[in-house]
Amino acid sequence: MPRISPISLVLAALATPLAAQVGLSGVQLPRVGGVLEQVGDLADDTLDRTTRTARDLARDRLRTIDRLVRRHRDTIALDSRGEPARRGEVLLLDAGADALARAGAEGFVLLETVELADLGMSVSRLRVPAGLELGEAEHVLERILPSVTIAPDNLHFQSGSAGPVPLALAAAGSGAGSTPVGMIDGAPGKSVPVVATRGFAEGAPYPSNHGSAVASLLASEHPGPIRVADVYGTDSAGGNALAIARGLGWLVGQGSKVVTISLVGPRNAVLERAIVGARKRGVVVVAAVGNDGPAAPPAYPASYDGVIAVTAVDGKRRALIEAGHALHLDYAAPGADIRGINAKGKRIDLRGTSFATPLVAARLARALDRGRDWRSALDGEAEDLGKKGVDPVYGRGLLCGDCKGR
């Protein structure tokens, strides 16, 4: 009998769920009782393809960031960690007059101090001195203000893609849901029913396909009031941490009990503090794990403590191979083989963890509508997939498994 490696024996036992998770086209599983060598070879091949895909996604992420910075050198730069952020600006958390004076003595200029009372925090925007790169500016402030929290204004990216489908717009649903839900993204088009949209970026609110699709999915499952904070507008450096924090503060102040965020970026002290402030007000934040693959850095805000991290599955309930990861994973929901509405009111095909996130937020709001403990309600509804119990692929299980969007 041919020699089989130990890893092949282990992978042979896992071949069926692994192939289901990565969704490789053209790969047929052998029948039960087939030759073990064939199963082992298939498992090795599946693992190899999955590894290559993860590597390619991670490489694509770096190329995308590089292209973005090159294209918008006047507004975007890399911070000290190599992450994209608004060029020429640094943020200080809860900085007093003395700290601002010391920064001013080093050539930093105070642009504004933003009071986010509903989140219990303030943020000061400083212009970086001429000739100083963003990363260098961070280090200067860390040296002169060791007790102050300093952060670049990191950018966050939408985590899903859409393709046009020339079909008529479906009528909006209606219902009696009452839990207010907030959404942080681009603005939706006029065809998507929301009660308010407010802009937190240059040119905002400005209808976007991504924001419209996310809002349409949320509205398809949540009949209650929806408010949208547009953090992109027409700003080339939109989706920054301060814009998201401002949007979150507005949504909390407007009474939103659930906030869905289909954006991903690096860890950022300003946004992390904003999330903490929202949670202290009893708000539940739901966020996507992104589409940069399992080899990408942990996705934020999904990875912040207490945030409900969401991944996605396709129509056959296979985990999306491009799904990113967070430091924890809560639930999965449909993120492919579903449809939403674009900014022009047309139905479009969707794919990405962006589109699973509002479905989970809607289910959470439904539990609150019924006066239930939302965690117990969602756990009771979730369909266990993959490894029994909580697992790193599907989290606590699949929600809204039959949802198809609009």
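The values are calculated or read from the model by the stated rules, or taken from the named source; none is laboratory data. Note that the structure is predicted; figures quoted are calculated from it, not measured. Glycine also receives a Cβ, built like all others from the backbone with ideal geometry; neighbour counts cover every protein chain displayed. The area values use the complete protein model at the heavy-atom level, side chains included, leaving out ligands, DNA and RNA. Shrake-Rupley method; radii C 1.70, N 1.55, O 1.52, S 1.80 Å.
Here are the numbers:
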{"quantity": "Filtered residue count, region 358-390, keeping only those that are touching a residue at least 12 places away in the same chain (Cβ under 8 Å), of a type outside the set (A, V, I, L, M) and out of contact with any Pro (no Cβ under 8 Å at 6 or more places or on another chain)", "calculated": "9"}
{"quantity": "Considering residues of region 198-220 that are of a type in the set (S, T, Y) and surrounded by 22 or more Cβ atoms within 10 Å (Cβ to Cβ) only, the residue farthest from P301 (Cα to Cα)", "calculated": "S220"}
{"quantity": "Search result, residues across region 139-157 that are surrounded by fewer than 16 Cβ atoms within 10 Å (Cβ to Cβ) and part of a loop (DSSP other than H, G, I, E, B)", "calculated": "P146, S147"}
{"quantity": "Hey, E136 of a type in the set (D, E), over 21 Å from D235 (Cα atoms) and outside any helix (DSSP H, G or I) or not", "calculated": "no"}
{"quantity": "Test: residue in region 103-110 that is under 28 Å from V252 (Cα atoms) and open to solvent by 20 Å² or more (accessible area, probe 1.4 Å)", "calculated": "yes"}
{"quantity": "Extreme residue, surrounded by the fewest Cβ atoms within 10 Å (Cβ to Cβ), among residues of region 221-242 that are part of a loop (DSSP other than H, G, I, E, B) and among the hydrophobic types (A, V, I, L, M, F, W, C)", "calculated": "A237"}
{"quantity": "Looking only at region 185-197, and only at residues there that are open to solvent by 20 Å² or more (accessible area, probe 1.4 Å) and part of a loop (DSSP other than H, G, I, E, B), the one that is farthest from K346 (Cα to Cα)", "calculated": "V195"}
{"quantity": "Failed condition for V276, given (1) under 15 Å from the mean Cα position of the chain (by Cα); (2) at pLDDT 95 or above; (3) within 23 Å of I150 (Cβ to Cβ)", "calculated": "(1)"}
{"quantity": "Which listed residue is within 29 Å of D94 (Cβ to Cβ) and in contact with a Lys or Arg (Cβ under 7 Å, 6 or more places away or on another chain), from V286, V231, V307, V252", "calculated": "V252"}
{"quantity": "Out of S80, S122, sole residue that is part of a strand (DSSP E or B), out of contact with any Phe, Trp or Tyr (no Cβ under 9 Å at 6 or more places or on another chain) and among the small types (G, A, S)", "calculated": "S122"}
{"quantity": "Breaking point among (1) at pLDDT 95 or above; (2) farther than 28 Å from L78 by Cα, for I184", "calculated": "(2)"}
{"quantity": "Qualifying positions in region 301-328 - touching a strand residue (DSSP E or B) at 6+ places or on another chain (Cβ under 6 Å) and either buried (at least 22 other Cβ atoms within 10 Å of the Cβ) or of a type in the set (F, W, Y) (or both)", "calculated": "P301, A302, V307, I308, V310, T311, V313, A319, L320, A323, A326"}
{"quantity": "Residues of region 292-327 satisfying the condition of being over 19 Å from V214 (Cα atoms) and in contact (Cβ under 8 Å) with a residue 40 or more places away in the chain", "calculated": "G293, P294, A295, A296, K316, R317, R318, A319, I321, H325"}
{"quantity": "Positions within region 243-275 being aromatic (F, W, Y) and open to solvent by less than 10 Å² (accessible area, probe 1.4 Å), in sequence order", "calculated": "none"}
